[in-house]
Amino acid sequence: MNGEIMRYEGKRTLGSVAGAFLYAAGINLFVVPAGLYSGGVMGICQVIRTVLAQFFHLHFETFDIAGVIYYAINIPIFIVAFRKMGYRFFTKTLITVTAITVFLSLIPTVTIVNDNMAACVVGGIIAGAGTGIMLRMGASGGGMDVVGMLLAKWRQDFSVGKVNLLVNLVLYAVCLFLFNIEVVVYCIIYSAVYSIAMDRVHTQNINVEVTIITKADTTALEKEVFEELGRGITKWSALGAYTYERSHVLYIMLSKYEVHRLRSIIYKHDPDAFIVLNEGVTVSGHYLKKL
């Protein structure tokens, strides 16, 4: 990668670490003190932690062992991320999951609010926003986020939040046999708020239609779009109605969060290029859904 791309990816990696901090803060400051379970792989880890404490009398004071268990369970998920989602996504996900584990271990599980409903809502908003930021930065918190992203690429009507919510409903049904129904109800409320907050921040379903008009040679520009964004280009020649000068028209479909990188590529090769963007378009056919 050249210096510009490294700086761009470095900022996104820092953003994903910030999202990891928000997620860990939402869990340790609101969910865990209220005796709730976050769902997904982390929820499974929290159940394992509870079993270790109640049945094996392994207590860890304010240290949350669930973070360490979460990291161990994510090892096979790392392999899936590397094979299916690419090297960059794998690297950022590895950094992000490591950050989550560290933050979960460092942030004490102290009670900030005594009302469980408030803990559900505030914790869900903070943790969901943190996960949404991680996904928006091209990383993930591991666990069901990776599975959800793979399903979202396979079916356009899926989203990471929806997949998490479905899995959590199954998990909480199992929890009915382990805990009282009040705990499960609060967990479902938290899960719903978390999923909505995550999708609101992530909004990975926004497609953008980009039309570029340029008089410059587009060979290098096209190559960089192919290599860096992995997007196809429809190209045709045009004639200016006023000047009668020859131009190139490039048509590209991509996600909202690839637009910034595309702008950088375009202006790098032609600072005078004319760009038209149309957000929220519906796409059918062979279109690669990215996240």
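Just so it is clear, none of the values below were taken in a lab; they were calculated from the coordinates. As the structure is a computational prediction, the values presented were derived from the model and not from experiment. Cβ: placed from backbone, ideal geometry, glycine included. Neighbour counts: every protein chain shown.
So here's what we get for this one:
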{"quantity": "Estimated inter-spin distance, Ile196 and Lys11, nm [label 7 Å along Cα→Cβ]", "calculated": "3.2 nm"}
{"quantity": "Region 12-140: C-alpha gyration tensor shape, a/c 1.5 cut-off, then a/b vs b/c", "calculated": "oblate"}
{"quantity": "Region 193-259, relative contact order in percent, only Cα pairs under 8 angstrom and at least six apart counted", "calculated": "42 percent"}
{"quantity": "Rounded tilt (10° steps) of 259-269 against the dominant C-alpha axis of the chain", "calculated": "30 degrees"}
{"quantity": "Correct option for Rg and Dmax of the Cα atoms in Å [calculated from the coordinates] among [x] 20.6, 67; [y] 22.2, 82; [z] 21.8, 75", "calculated": "[y]"}
{"quantity": "Whole-angstrom gap from region 76-134 to region 188-218, using each part's C-alpha centre", "calculated": "20 Å"}
{"quantity": "Shape of region 168-291, Cα gyration tensor, a/c cut at 1.5", "calculated": "prolate"}
{"quantity": "Over the chain: helical MRE at 222 nm, DSSP H runs n ≥ 4 each giving -39500 (n - 2.57), nearest 500", "calculated": "-19000 deg cm²/dmol"}
{"quantity": "Listed pairs Lys11/Lys256; Lys235/Lys268; Lys11/Lys162 exceeding 24 Å between Cα atoms", "calculated": "Lys11/Lys162"}
{"quantity": "Cα-projected label distance for Val185 with Phe226, points at 7 Å along beta-carbon direction, nm", "calculated": "6.0 nm"}
{"quantity": "Normalised contact order of the chain, rounded percent, pairs of Cα under 8 Å and 6 or more residues apart", "calculated": "21 percent"}
{"quantity": "Degrees, to the nearest 10: 181-202 long Cα axis against longest axis of the chain", "calculated": "20 degrees"}
{"quantity": "Net dipole in debye of region 3-202 [+1 Lys, Arg Cβ; -1 Asp, Glu Cβ; about Cα centre; nearest 20]", "calculated": "760 debye"}
{"quantity": "Filtered GluC sites (Glu not before Pro), region 228-291: DSSP coil and at most 14 other beta carbons within 10 Å", "calculated": "Glu245"}
{"quantity": "Cα long-axis angle, helix 3-26 against the chain (0 to 90 degrees, to the nearest 10)", "calculated": "30 degrees"}
